[in-house]
Amino acid sequence: MKSKKAGVIGSGSWATAIAKILLENLPSIHWFIRSDENIELFRQYKNNPGYLRGVEFDTDRIVFSSDLNEVASACDILVIAIPAAFLQETLAQLTVDLSGKFVVSGVKGLVPGENVVVGEFLHQAFQIPYESIGVLAGPCHAEEVALEKLSYLTVACSDENNGREFASLLQCSYIKAGTIDDIWGTEYSSVIKNIIAIAAGIVHGLMYGDNFQAVLIANAIQEIKRFVDKVHPISRDIKSSVYLGDLLVTAYSQFSRNRTFGTMIGKGYSVRTAQLEMHMVAEGYYSVKIIREINEKYKVEMPICEAVYQILYNGRAPRKEILKLTEKLT
């Protein structure tokens, strides 16, 4: 894959981190950024004007474009890193045939309206075979990639060779990359951990201590396991970093936007006010509604996700809802 051309779709912090990683191993990349104004600012200042501004890029190695089809046509590998809420709107612009390309989802969310994971959406909407779809997962905050702190990523792909080859493009002094074949489990786990992080933020905002946070997360990994085992029953080690590690960093890290969002809710902010003040998308807000709708079919016991849903969508008082949750945890 090192001889192939790669493109990044998206301009947020995670897209910026992915671009930085890819440029460690590739001579150049293509990059779709929808705003021509931001592209010009990027060229002028050598950094992304909106996110991770401390990361300096050699812009001579980047082919910027606000035309999605131009990037898709030029590349053999496409890495999608945009919020799930805007995925359909963005990809609706695509008229390029994606057959023969390796498409990677860096989206940690579910497709609204379709209620499917991104890999499944790409397969259905663009007829991309599953062996040509990868999922980028694991405990890895963009902010720490920017600081070049050692991080571990996992590429989920049903084709072992494709997964391993793409993982080789990520491997560098501060990134270790492995592979797994569990597309559905990794995607659902990365979605639910954002919901759990909101719960962790809420209880932090309510001034619960570390002892309860530990109980919450211990119960949360069991909640995730129950759900992914029901939806896609294969043998998996839920304690590995791509599942448990991702949950831990998202629930505890200062860089977690979902935890930050939850903390604001716990402190009394309304959902709308918290969203406006953050200036960033907390994927867990959208995901909790979709997971609840999917779970109407599977009937998995998910008390933490249910508490978050009741607080965010039914306006239940966080203190009362979390108090009820404490009686359901062990």
Legend entry - residue 320/residue 267 FRET efficiency (R0 22 Å; Cβ-Cβ; nearest 0.05): 0.90
Legend entry - Antiparallel bridges, percent of DSSP beta bridges restricted to the chain (to nearest 5): 20 percent
Legend entry - the range 185-326, relative contact order [Cα under 8 Å, separation at least 6], %: 36 percent
Legend entry - the chain: equivalent-ellipsoid semi-axes (sqrt of 5 x gyration tensor eigenvalues, Cα, Å): 32, 22, 18
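For the peptides 250-263, 38-51, what is the packing order when you average, over each peptide's residues, the other Cβ atoms within 10 Å and list the highest mean first? Don't skip to the end; give the middle numbers.
Values: 250-263: 22.1, 38-51: 16.4.
In descending order of packing, they fall as 250-263, 38-51.
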Legend entry - Ordering of 116-124, 182-190 by packing [mean C-beta count within 10 Å, highest first]: 182-190, 116-124
Legend entry - Anchor residue 239: lysines whose Cα lies under 27 Å away (excluding residues fewer than 8 positions away in-chain): 108, 149, 176, 193, 225, 230, 289, 297, 299, 328
Legend entry - Overall dimensions of the range 185-326 by Cα: Rg and Dmax, Å: 13.9, 42
Inset, instruction - Would you work out the relative contact order for the chain, in percent, from Cα pairs under 8 angstrom that are 6 or more residues apart? - result: 15 percent
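Helices from the chain with mean Kyte-Doolittle at least 0.5 and a Cα length along the axis of 27 Å or more, per DSSP H: which? Numbers along the way, then the final one.
Values: long enough: 183-205 (34 Å, 0.91); 210-231 (31 Å, 0.19).
Membrane-span-like by this criterion, though nothing is claimed about a membrane: 183-205.
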Inset, instruction - May I ask you to compute the full-extension gain from residue 74 to residue 4, defined as 0.36 nm times their residue separation minus their alpha-carbon distance, rounded to one decimal in nm? - result: 24.2 nm
Inset, instruction - Rank by packing, highest mean first: peptides 286-295, 169-178, with packing defined as the count of other Cβ atoms within 10 Å averaged across residues. - result: 286-295, 169-178
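Quick one: plug the Kirkwood hydrodynamic radius of the range 1-144 (C-alpha pairs) into Stokes-Einstein at 25 °C, 0.890 mPa s, and report D in µm²/s.
Working: Rh = 15.3 Å.
Reported coefficient: 160 µm²/s.
Taken together, the values in this text are just the output of simple stated rules run on the coordinates, not laboratory data. Computed from a predicted structure; not experimentally measured. Here the Cβ is made from the backbone with ideal geometry for all residues, glycine too, and neighbour counts use every protein chain on show.
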